[in-house]
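The values are calculated or read from the model by the stated rules, or taken from the named source; none is laboratory data. Being a predicted model, the structure only gives us computed values, none of them experimental. Reconstructed Cβ throughout: ideal geometry from the backbone, glycine too, with neighbour counts over all protein chains shown.
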Amino acid sequence: MRSTGRRGRDAGPSTIDVSATTVRAGDTLTVTEQLTNPADFTVTGAKAALYVKETPIADVVDLVSCTGAIAPCAPYLSSFRGGVGDVGAGESRTVTWTLRIKEDAEPGQFTLQHQFAGDNYAFGVEDGPAVTIATPAKADVKVALTATPRVGLVARVDYVITVSNTGPATATGVRVTANPGTGRTITSATGCTRSGATLTCAIPTLASGASATAKFSSEGGVFAWGAFTATAQRAASAPADPNAANDSASKKCSAYTGLFVQC
């Protein structure tokens, strides 16, 4: 988006292009600022200046890097500035800023401002585009566990892990870990990988409103006896999960020798 800060055919002495006008906390934003000297004299010690209208710019964004300046870009009072040297009449310079929205930035809107400033002359501060900090995306991943005992000699129990995304955003990188409980041996698994007595079940993408399942079975042996509890727990997902209360599930069963299991 280009902001000239002036009306008519002629662009102002400072213009900016912004890579995005809707962002979230932690996002990176690129601002390209072009300086053009419309005067009939050389502006010495010229600098590209970038502001936020409502507050000092450093309160809203962090300066990651800039290119096009002849010296390191840095905060100056309520602005960021990048020096470009002397700019003769009709000449132009370009500085590209890479900014990161602060992690703790509140949702809302701010207005970027820009300026062509020099040691011997400074043009006026121009309003640029408004940038909206959107509400952080969230995806509530819910974990459920069911257990079905089987008749046999080894106290077998079949489990189904159901992972649901109640939204509102799509969940990615979903990972659930599961454990069959004390004294139990995992004998099979579908949709999970085993490492000792722990299962890891990975779901690359889960749309809002969608669910996926994984299965595993455990056995306690012919002489199994006593209670055991299987668990399933969300280990990872993105974006943030707003409800930790439904991130885990468990099922308690009791074995009365290998012939009879009750859940």
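Do we have Val174 as part of a strand (DSSP E or B), of a type outside the set (Phe, Trp, Tyr) and closer than 17 Å to Ser217 by Cα here?
no
Looking at segment 85-100, can you tell me whether even one residue there is touching a residue at least 24 places away in the same chain (Cβ under 8 Å), more than 23 Å from Ala39 (Cα to Cα), touching a strand residue (DSSP E or B) at 6+ places or on another chain (Cβ under 8 Å) and of a type in the set (A, V, I, L, M)?
yes
Looking at segment 184-216, which of the residues that are of a type in the set (D, E, K, R) and touching a residue at least 12 places away in the same chain (Cβ under 8 Å) is surrounded by the most Cβ atoms within 10 Å (Cβ to Cβ)?
Arg184
For segment 133-149, what are the residues that are part of a strand (DSSP E or B) and β-branched (Val, Ile, Thr)?
Hits for segment 133-149 are Ile133, Val141, Val143, Thr146, Thr148.
Against the definition (assigned to a strand (DSSP E or B), charged (D, E, K, R), more than 20 Å from Asp140 (Cα to Cα) and within 30 Å of the chain's Cα centre (by Cα)), how does Arg194 come out, yes or no?
yes
Identify all residues within segment 225-257 that are exposed (fewer than 14 other Cβ atoms within 10 Å of the Cβ) and not in a strand (DSSP E or B); write none if there are none.
Matches in segment 225-257: Pro242, Asn243, Ala244, Ala245.
Which of the residues that make up segment 110-121 are exposed (fewer than 15 other Cβ atoms within 10 Å of the Cβ) and more than 17 Å from Ser19 (Cβ to Cβ)?
Asp119, Asn120
Scan segment 2-14 and tell me whether some residue there is under 28 Å from Asp119 (Cβ atoms), β-branched (Val, Ile, Thr) and at pLDDT 90 or above.
no
Using the structure shown, decide if Ala48 is touching a residue at least 24 places away in the same chain (Cβ under 8 Å), among the small types (Gly, Ala, Ser) and closer than 15 Å to Pro13 by Cβ.
Yes: the conditions hold for Ala48.
Determine whether Val222 is touching a residue at least 60 places away in the same chain (Cβ under 8 Å), more than 18 Å from the chain's Cα centre (by Cα) and exposed (fewer than 13 other Cβ atoms within 10 Å of the Cβ).
When the stated conditions are applied, Val222 passes them.
Any idea which of (1) at positive phi; (2) modelled with pLDDT of 95 or more is the one Thr257 doesn't satisfy?
(2)
From the list Thr135, Thr98, exactly one residue is surrounded by fewer than 21 Cβ atoms within 10 Å (Cβ to Cβ), within 26 Å of the chain's Cα centre (by Cα) and modelled with pLDDT under 95. Which is it?
Being surrounded by fewer than 21 Cβ atoms within 10 Å (Cβ to Cβ), within 26 Å of the chain's Cα centre (by Cα) and modelled with pLDDT under 95 holds for just one of Thr135, Thr98, which is Thr135.
Among Gly152, Gly167, which is over 24 Å from Thr193 (Cβ atoms), assigned to a strand (DSSP E or B) and either outside the structural domain of Ala227 (by TED's automatic domain parsing) or at pLDDT below 95 (or both)?
Of the residues listed, the single one that is over 24 Å from Thr193 (Cβ atoms), assigned to a strand (DSSP E or B) and either outside the structural domain of Ala227 (by TED's automatic domain parsing) or at pLDDT below 95 (or both) is Gly167.
Please find, among Ala117, Ala122, the residue that is touching a Lys or Arg at 6+ places or on another chain (Cβ under 6 Å), within 22 Å of Tyr76 (Cα to Cα), small (Gly, Ala, Ser) and at pLDDT 95 or above.
When all the criteria are applied, what remains is Ala117.
Can you find a residue that is out of contact with any Leu (no Cβ under 9 Å at 6 or more places or on another chain) and outside any strand (DSSP E or B) anywhere in segment 46-55?
Yes: one or more hits.
All but one of (1) part of a strand (DSSP E or B); (2) touching a residue at least 24 places away in the same chain (Cβ under 8 Å); (3) closer than 13 Å to Phe216 by Cα hold for Gly181; which doesn't?
Single failed check for Gly181: (1).
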